[in-house]
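One structure is given here, and the rest of the page talks about it.
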Amino acid sequence: MTDDWEPPLPAGYNDDHRAFLQAFMARGTLTFREGRKLLAAIASARGGDDVDGPVNPDSITMADFENFVRTVRDAVEPLDFDVRNTRDQVRGERVWAFINAHSDPVTQLGTTRTPDEVAYIKRLLDAMFDQYNTPRMEVMAVDEGQALRASRPRGRESQINGDAEGEEGTQAPAVGRPLKHSEVLTLLASLVAEGWLHKSRDGFYSLTPRALMELWSWLMETYNDPDSDGDWQRIKFCEACKEIVTYGQRCNNLDCTVRLHDICEEAFWRTRSARTCPKCRTPWEGNHFVGERAVTTRAGFQRGRGRRRRTEAAEEDEGADD
């Protein structure tokens with residue numbers, strides 16, 4: 001390969017596409033609402049005979065947006081980048097992400113994080129998808145205390161798929177020095193700001209749509225058993241849309257493997273004659289959860305939440321009196 005090699009550009013690729021791609025790469029993700037504002041701003045800045053004043057974002061159609069996405073995707077594909085999309089599991093809004101097509105935490109974060117921080121992030125993922133993700137309680141999220149406990153490398157191999165230590169299928173041991181709690185909190189805040197982690201109102205950290213799209217292959221290879229036939233797996237998929245489920249519902253029969261996004265359930269049940277699990281036929285009550293609600297809907301958490309709210313209210317009252 002010569003030093004002046006350039007990737008082939010798709011037909012019609014122009015300065016508007018370059019501006020769109022640069023903004024997309026800087027943001028990492030785009031919704032259609034954000035994308036139409038961006039395209040309107042680009043068209044307004046370009047001007048021309050066909051542009052009379054600022055372009056209204058409402059004039060940008062989904063077809064316009066998808067055509068730009070398709071063109072820039074063709075432009076970056078030779079460089080092992082891609083543009084993928086999925087629906088936000090909570091809000092239902094479709095999200096497009098600019099991703100590294102051959103990604104794991106090391107290749108994705110190695111240029112922006114220290115080796116100790118990358119090692120911590122891998123331990124955090126272990127906590128989400130291994131430690132706090134069991135057949136009886138599929139949380140796939142961690143609260144602040146659990147995130148802080150991952151600051152110190154474990155002194156043994158992380159167990160994957162329930163194998164005994166040292167057996168085939170185990171993950172390499174975590175490496176790196178322990179991070180200070182202040183360093184962990186700073187790193188978590190940075191990962192939230194950059195769109196890799198989502199922090200909920202109840203203080204749980206989970207992967208964003210961008211992170212799930214970026215790490216999809218790595219998560220499957222690391223946490224699922226390819227030889228398993230119908231057994232429980234750590235990475236699960238929605239019965240309706242076939243995308244990863246980290247926030248949704250599960251069958252009332254905890255031995256069943258059927259999962260469903262909240263955002264998919266209405267259309268899913270509309271096409272079925274009975275609200276029963278399509279696999280085991282157990283009545284589907286919609287009150288068994290995947291994600292942080294596996295914890296937050298429990299009576300113990302609800303009681304603790306009430307105590308916290310009363311304490312916060314009392315502190316606010318004291319502050320007002322002062």
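The values are calculated or read from the model by the stated rules, or taken from the named source; none is laboratory data. Source: prediction; values computed, not measured. All Cβ positions, glycine included, derive from the backbone under ideal geometry; neighbour counts span all protein chains shown. For accessibility, only protein heavy atoms count, side chains too; no ligands or nucleic acids. Shrake-Rupley method; radii C 1.70, N 1.55, O 1.52, S 1.80 Å.
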(message) Considering only the stretch 47-55, I want to know if a residue exists there that is outside any helix (DSSP H, G or I), modelled with pLDDT under 90 and within 24 Å of the chain's Cα centre (by Cα).
(response) no
Could you please let me know if Val106 is at pLDDT below 95, β-branched (Val, Ile, Thr) and within 21 Å of Asp15 (Cβ to Cβ)?
no
Pro283 vs (1) over 18 Å from Phe129 (Cα atoms); (2) without any contact (Cβ under 8 Å) to a residue 12 or more places away in the chain; (3) exposed (fewer than 14 other Cβ atoms within 10 Å of the Cβ): all pass except (2)
Going by the structure shown, is Thr246 in a loop (DSSP other than H, G, I, E, B), of a type outside the set (Asp, Glu), touching a residue at least 40 places away in the same chain (Cβ under 8 Å) and crowded, with 20+ Cβ neighbours inside 10 Å?
yes
Across (1) open to solvent by 30 Å² or more (accessible area, probe 1.4 Å); (2) free of Cβ contacts under 8 Å to residues at least 60 places away in the same chain; (3) out of contact with any Asp or Glu (no Cβ under 7 Å at 6 or more places or on another chain), Gln233 clears everything bar (3)
Looking at Arg275, is it at pLDDT 95 or above, touching a Phe, Trp or Tyr at 6+ places or on another chain (Cβ under 7 Å) and either of a type in the set (Lys, Arg) or farther than 20 Å from Arg234 by Cβ (or both)? yes
Picking from Val55, Val72, the residue that is over 25 Å from Leu207 (Cα atoms), open to solvent by less than 50 Å² (accessible area, probe 1.4 Å), touching a residue at least 40 places away in the same chain (Cβ under 8 Å) and of a type outside the set (D, E, K, R) would be Val72
Residue in the stretch 216-225 that is in a loop (DSSP other than H, G, I, E, B), open to solvent by 60 Å² or more (accessible area, probe 1.4 Å), more than 18 Å from Val142 (Cα to Cα) and modelled with pLDDT under 95 present: no
